[in-house]
Every structure is written in structure tokens, then in C-alpha cells.
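J.: I'd like to ask some things about the structure below.
Bear in mind that the values in this text are calculations on the coordinates, not laboratory data. Note that the coordinates shown come from a computational prediction; the quantities given were computed from them, not determined experimentally. Don't worry about glycine lacking a Cβ; one is built from the backbone with ideal geometry, like all the others, and counts go over all protein chains shown.
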Amino acid sequence: MGSEECTYKQLARLLEQVDTPDSKVQVMPFSAGLHPLMGGALNLLTLPDGSTVAYEEGNETAHLYEDAEAVKMWRRKYEVLRANSHSLAESAELIRKAMEDHTPCDTPPS
């Protein structure tokens, strides 16, 4: 949604974050089909005491999971999602290609 320039800038920002100390961006191919995390966002947070919690957020719900078994279930779903996603390098290349399709008129293609 938005202008070509807006889309280009959003893709450029994603590209910057593909492989940094604080983030990894991997593109999930449509060929992977439906997956349990399509409806929102999942954050796995490691607390100072070493325990992990899962925070799942969707359009109509948000829930913090502290129970070890529930966190284990969400971690497994996340691991399956990552395993079915493109590598960091492949994801970066797909984002670059998408940027070419949304190059603002005043920006020459690279």
C-alpha cells in the first residue's frame, strides 16, 4: 500500500535488517503453504534469569505464554517456519528484486 517510493523505502529498510546483530530477515516462499504463524507476530524473549517467554500477537488477540511447555510449542513452530524460509542471502536477493519493481521515478535503478 502506498506510493512506489514508500514501498521502495520499506523494502530498503528490510534489506538493511536482513543480517544484523539485532535482526535476521528471512522470506517465506508461497510454495511453503500455510503455516501457524500467518495470523500475526511471535516474539520469543529470553529474560535476565535465562527463562524464555513467548508473546503472540494477532489482529484480534495478544497473549503472553510463560509456561515452559507452551513456550516450547511456540519455539518449535518458529523453528519450522525458519527451516522452510529462504536463507538470509536468498531473502536479501528477493528483496533487492522486489525493490527493482518499485523504484521511485526519480531514482535510477542500481
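J.: Would it be correct to say that Glu57 is under 30 Å from Asp101 (Cβ atoms), out of contact with any helix residue (DSSP H, G or I) (no Cβ under 7 Å at 6 or more places or on another chain) and not in a loop (DSSP other than H, G, I, E, B)?
T.: yes
J.: So which residues in segment 26-47 are part of a helix (DSSP H, G or I) and either surrounded by 12 or more Cβ atoms within 10 Å (Cβ to Cβ) or among the charged types (D, E, K, R) (or both)?
T.: Answer for segment 26-47, where residues must be part of a helix (DSSP H, G or I) and either surrounded by 12 or more Cβ atoms within 10 Å (Cβ to Cβ) or among the charged types (D, E, K, R) (or both): just Ala32.
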